[in-house]
Amino acid sequence: MTAYEALAAHIAEYNDLLCILNTLRWDMRAMMPAGGARSRGKQLSTLSKLAKSIFVSDATARLLDAVEAEIAGADCDSYQARALRQTRDAYEIQKRIPAELVARMAALGAESEAVWAKARAENDFPSFKPFLKGMLALNIELAEAIGYDDHPFDALILQFEPGMTAARLHQIFAELRASISPLLARIVAVDEPLAIDLWKAEYDLAAQKRLCHKLTELIGFDYDRGRLDSAPHPFAISFTRDDVRITTRYDANYLPMSLFAALHEAGHGLYEQNIARELTRTALTADFLGQYAIGGASVGAHEFSSRLWENQIGRSHAFWERHFARLQAAFPQQLAEADAELLYRAVNRVRPSLIRVEADEVTYNLHIMLRTEIEMALLEGAIAVDDLPEVWNAKMQEYLGLTPPDDRRGVLQDVHWSFGGFGVFPTYTIGNIMAAQVLAAAHAQLPDLVASLANGDYQALLYWLSENIYRHGRAYSPDELLKRVSGEGLNPAPLLNYLERKYSDLYGLS
Ligand code: ZN
């Protein structure tokens with residue numbers, strides 16, 4: 001057995017453990033009765049510790065040294081060489097993070113998340129404050145342990161988005177804001193174009209479920225290697241490319257909830273299902289820093305796929321021209337007076353709003369900027385946790401022209417900070433930017449794509465995405481993937497062009 005084969009066997013077992021952890025997480029979020037929470041938490045913690053001890057071990061160190069000697073001078077661009085480099089990088093960073101810090105973060109995070117849930121329900125920011133201060137201090141410790149050159153945020157975002165920095169994000173945000181703010185102002189100045197409110201009626205849940213299944217199947221989600229279930233907070237997760245689970249949630253009075261969550265999660269699922277079979281159980285289908293079996297190039301890169309299918313395809317005119325009849329057949333009474341055009345407008349309504357998860361394509365990235373800028377300022381010590389409600393409300397007013405009436409609909413709305421998830425928010429914007437860049441590249445390379453999408457044929461796009469992006473798993477960074485398909489790294493321009501074109505047309509802007 002070569003040293004490489006020995007390392008591959010070691011990593012395959014570690015990857016198996018991460019997939020088993022995912023199985024437990026899926027069950028916890030989609031199936032488990034509430035009473036199972038405490039014992040499931042213990043099981044997850046035991047298995048995570050076991051997995052980490054296998055990865056951050058002398059065995060891994062010895063195998064890495066041996067393989068590096070063995071393949072010195074070999075093709076440094078092969079999957080093997082890339083898997084090796086990523087394993088080495090993750091190993092070195094993991095070694096710098098003390099196990100007791102991870103344990104303190106997990107312990108305080110669990111308590112803090114429970115306190116946050118109560119504080120949000122009761123609109124009580126002061127009760128959450130000490131916990132947020134604690135999680136902030138632990139994140140600063142974590143950033144110091146990981147190490148950084150310019151900004152502690154750089155160390156934290158490294159966990160989710162290698163290659164991204166605070167400085168680069170400031171630049172991207174400035175570019176986005178310079179176009180989005182004036183576009184939003186022009187849209188808000190136009191009278192609401194909707195004649196009737198489609199969502200007042202009641203939409204049968206079983207029929208919604210059949211539709212979600214059908215639409216996700218139509219875009220190519222393979223139900224021989226996947227399942228759709230319901231979950232209070234929709235998510236996608238995989239236990240290898242041959243078993244990918246997606247979820248959605250249903251609201252009888254708001255049909256778009258289930259449809260777009262299903263398309264979003266199916267977008268994540270398509271990424272996982274189309275990773276090259278040879279990468280199964282390798283370093284290129286697992287995040288060794290986050291200890292998570294996931295195949296995308298980064299968290300933002302995974303979000304590119306979900307947002308491409310949810311928004312760029314699922315909220316397109318062509319999609320509803322093609323599929324409105326299917327929707328109307330499922331809900332003949334509720335949609336008797338509607339047509340494809342009205343539905344298209346209804347699912348693309350732009351309004352400044354208080355809640356990020358309900359935001360439209362135009363305002364969404366403003367919500368992300370606000371959160372990311374606050375995280376950076378907290379880490380710098382430029383603002384204090386005590387001042388957060390005022391800082392939040394001032395930024396909401398500046399970016400969206402709204403002031404939250406209470407903290408529940410303001411600073412308390414997201415779960416992320418409660419468990420210490422600093423550095424995650426910008427991945428959503430990175431996903432939006434990538435989605436526009438990748439789809440523009442696909443159109444440039446596939447002259448018939450407009451026609452096939454209009455015919456409801458998604459195979460050509462799925463095949464192109466698989467060949468150019470999905471199949472590589474984690475082998476390439478998001479910038480590398482983008483350069484391969486479009487000749488340049490992350491660039492907000494295609495997203496801004498897409499928003500300008502789509503919403504100028506929708507709102508009749510000159
Ligand atoms: Zn997502």
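Where a number appears in this text, it was derived from the coordinates with a stated rule and is not lab data. Keep in mind that this is a model prediction, so the values were computed, not measured. So basically every Cβ, Gly included, is an ideal-geometry build from the backbone, and we count neighbours across all protein chains shown.
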| Which angle from 0 to 90°, rounded to the nearest 10, does the C-alpha axis of helix 3-30 make with the longest principal axis of the chain? | 40
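Determine the sum of side-chain charges near L132: Lys and Arg each +1, Asp and Glu each -1, restricted to other residues whose C-beta is under 14 angstrom from that of L132. Spell out each step's value before the answer.
Values: positive: K118, R120, K129, K133, R371; negative: E111, E113, D124, E375, D386, D387, D407, D414.
So the environment of L132 carries a net charge of -3.
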| query | Once Rh is set to the Kirkwood radius over Cα pairs, what Stokes-Einstein translational diffusion coefficient, in µm²/s, holds for the range 115-215 at a temperature of 10 °C and a viscosity of 1.306 mPa s? | reply | 83
| Once the Cα atoms of helix 166-188 and of the chain are each reduced to a long axis, what angle between those two axes, in degrees from 0 to 90 to the nearest 10, is obtained? | 10
| request: Enter the angle in degrees (range 0 to 90, nearest 10) between the Cα long axis of helix 317-330 and the first principal axis of the Cα atoms of the chain, meaning the one along which they spread out most. | output: 80
| said: Please report the spacing between the Cα centers of the range 165-226 and the range 251-276 in Å, no decimals. | reply: 12
| Inverse mean reciprocal Cα-Cα distance (Kirkwood Rh) of the range 209-349, Å | 15.8
| task | Would you mind giving the average projected area, over all directions, of the Cα convex hull of the chain in nm² with one decimal? | result | 23.8
| note | Neighbour-count ranking for D204, D287 (other C-beta within 10 angstrom, fewest to most) reads D204, D287
| What order do you get for C19, C212 when you list them from fewest to most C-beta neighbours inside 10 Å? | C19, C212
| Where Rh denotes the Kirkwood radius from the mean inverse Cα pair distance, what is Rg over Rh for the range 336-444? | 1.06
| the chain: Lys pairs at Cα distance under 27 angstrom, eight or more positions apart or on different chains | 20
| query | If you average the sequence gap of Cα pairs under 8 Å that are 6 or more apart and divide by the length of the range 261-334, what percent do you get for the contact order? | reply | 37
| Residue-wise, which Karplus ³J(HN,Hα) couplings in Hz belong to the range 400-414, taking 6.51 cos²θ - 1.76 cosθ + 1.60, θ = phi - 60°, and x for glycine or proline? | 10, x, 10, 10, x, x, 7, 6, 4, 9, x, 5, 8, 6, 9
| Qualifying GluC sites (Glu not before Pro) for the range 443-502 [loop in DSSP, other Cβ within 10 Å: at most 15] | E488
| task | Report, by chain and number, residues whose modeled amide H sits under 5 Å from the one on D229, excluding near sequence neighbours (fewer than 5 apart, same chain). | result | I246, T247, T248
| query | Which order do E141, E375, E111 fall in if you start with the one that has the fewest other Cβ atoms within 10 Å? | reply | E111, E141, E375
| request: Grab the other residues whose beta carbon is less than 15 angstrom from that of A394, score K and R as +1, D and E as -1, and report the net. | output: -4
